[in-house]
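Readers should treat all values here as calculations from the given coordinates under stated rules, not as data from a laboratory. It should be emphasised that the depicted structure is a prediction, and the values quoted were computed from it without experimental measurement. Here the Cβ positions follow ideal geometry from the backbone for every residue, glycine too, while neighbour counts run over all protein chains shown.
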Amino acid sequence: MTGFAAFGWLTEGNNLRFILEGFLINLEIAVVAIILALIAGLGLALLRLSRNRVLSVAAGVWVDVFRNLPLLLLILFLFLWIPQSARDTWEDVMPSWMPEAWQSGLMLAGLSGLVLYNSAVLAEIMRAGIQSLPRGQAEAAHALGLNYWKAMRLVILPQGLRRMVPATVSQLITLTKDTTLVSIIAIV
Amino acid sequence: MPFAFVDTLTENFDEFLRGFGTTVELVVVSFVIAMGVGTLIAAFRVAPSPWLQRIGGLYVECFRNIPLLVLIFISYPGLRRAGIDISAFVAGVASLGLYTAAYVAEALRSGVFSVNKGQIEASLSLGFTYPQTMRRIILPQAFRTVISPLGSLIIAMIKNSAILGGSILALDDLLKTGRVVASRTFDVIPAFVWAAVGYLILTGLATVAIRMLESKYAVRR
């Protein structure tokens with residue numbers, strides 16, 4: 001077991017192929033989870049900043065709860081809680097050209113756990129980015145006659161989202177590392 | 001239904017309490033390791049010698065970019081197969097501590113760089129040695145600016161401690177307790193909700209403590 005002899009197993013049989021396949025699955029989960037978490041995170045951030053008090057408090061509680069729970073707890077909970085029927089539906093609707101790991105209903109638990117947790121974290125990052133803009137930006141947009149959505153889309157979000165790029169990237173790296181956790185519920 | 005919810009806690013209270021205690025123990029021990037090693041590595045990274053800087057950089061890049069679960073696989077089954085008789089607890093806290101240490105080192109390094117360079121020069125020219133400069137001039141100021149990044153690391157560490165109980169180490173922490181209770185009683189939702197409440201108590205307490213420290217020490221900018 002000295003030097004490179006310890007890595008002899010890598011070239012034996014199909015081991016290298018297995019490792020690369022596993023790597024690919026991690027990558028796929030990461031990409032899908034990143035896209036979904038970014039979308040859900042933006043939605044949550046907008047709800048959190050909404051002028052409707054009920055919506056903003058509800059979104060705040062949601063974000064604070066899911067941000068402060070261990071990701072593994074969420075994944076294991078969903079793994080045990082999501083009913084078999086939902087898993088079966090997932091397996092039915094998943095097209096056959098998707099990779100084998102995605103055909104398993106367990107992916108539903110792993111993926112939704114990753115998205116639940118990371119969308120809450122990203123929502124908080126995006127909220128901070130949006131709120132770091134001077135108030136004058138929103139006021140100027142309104143004064144120019146833009147409505148709420150137009151002001152968001154044309155003035156606030158382009159600037160706010162640019163400010164939160166570094167924090168978002170580091171969270172997405174964490175997400176990519178956290179895709180290892182789905183192995184605990186036996187996604188292989 | 002709500003009573004069944006409470007029953008799950010009261011009937012398994014001792015077990016949940018033990019799990020909570022184990023999680024606290026894991027977090028405290030890992031935190032001590034993370035702070036000790038992290039401070040050392042941060043000192044390496046800002047040391048005047050390029051070799052020490054490289055060693056520090058290598059440590060940070062390795063431990064920050066390897067998922068915690070992989071570290072656990074290396075430190076427990078890996079080391080045991082290599083003939084080192086390591087216990088699950090030691091492997092767990094060492095993995096979590098060394099993993100977090102890399103983040104702590106980065107936070108402290110940015111704190112050190114936030115202290116004006118002139119202060120190092122001034123203290124060296126006053127005759128302090130380099131370690132003395134670090135300990136007496138730079139680090140006390142650096143620690144103040146890094147309270148909030150360290151705080152978020154502590155919260156992340158509390159959450160990461162669940163990986164120790166959920167993975168092959170199977171330490172009896174809060175998550176493992178929730179899982180055991182869930183599979184014994186089939187009350188999946190209450191068991192996990194109570195485990196979640198335990199984690200929320202811990203992260204909530206940490207948040208409050210950090211806010212208090214911040215308002216007491218943090219540098220106003």
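Since only A:M126, B:A156, A:A33 are under comparison, the one whose Cα sits farthest along the positive direction of the charge dipole of the protein assembly as shown, derived from C-beta charges on Lys, Arg, Asp and Glu, is A:M126.
Give the lysines reachable from B:K159 as a straight Cα distance under 20 Å; neighbours fewer than 8 places away on the same chain don't count. Correct list for B:K159: A:K177, B:K176. For A:K150, the aspartates and glutamates whose Cα comes closer than 15 Å to its Cα, not counting residues fewer than 8 places off in the same chain, are A:E139.
Counting only DSSP H runs of at least 4 residues, each contributing -39500 (n - 2.57), and dividing by the residue count of chain A, the helix-based mean residue ellipticity at 222 nm comes to -23000 deg cm²/dmol. For the stretch A:91-106, backbone phi angles converted through the Karplus equation (6.51, -1.76, 1.60; θ = phi - 60°) give residue-by-residue couplings of 5, 6, 7, 5, x, 6, 7, 6, x, 4, 4, 6, 6, 7, x, 5 Hz, Gly and Pro being listed as x.
Bridging of B:K117 to lysines at a Cα separation below 29 Å is possible for B:K216, once same-chain residues fewer than 8 apart are set aside.
Listed peptides B:113-119, B:100-106 appear in the order B:100-106, B:113-119 once ranked by packing, highest mean of other Cβ atoms within 10 Å at the front.
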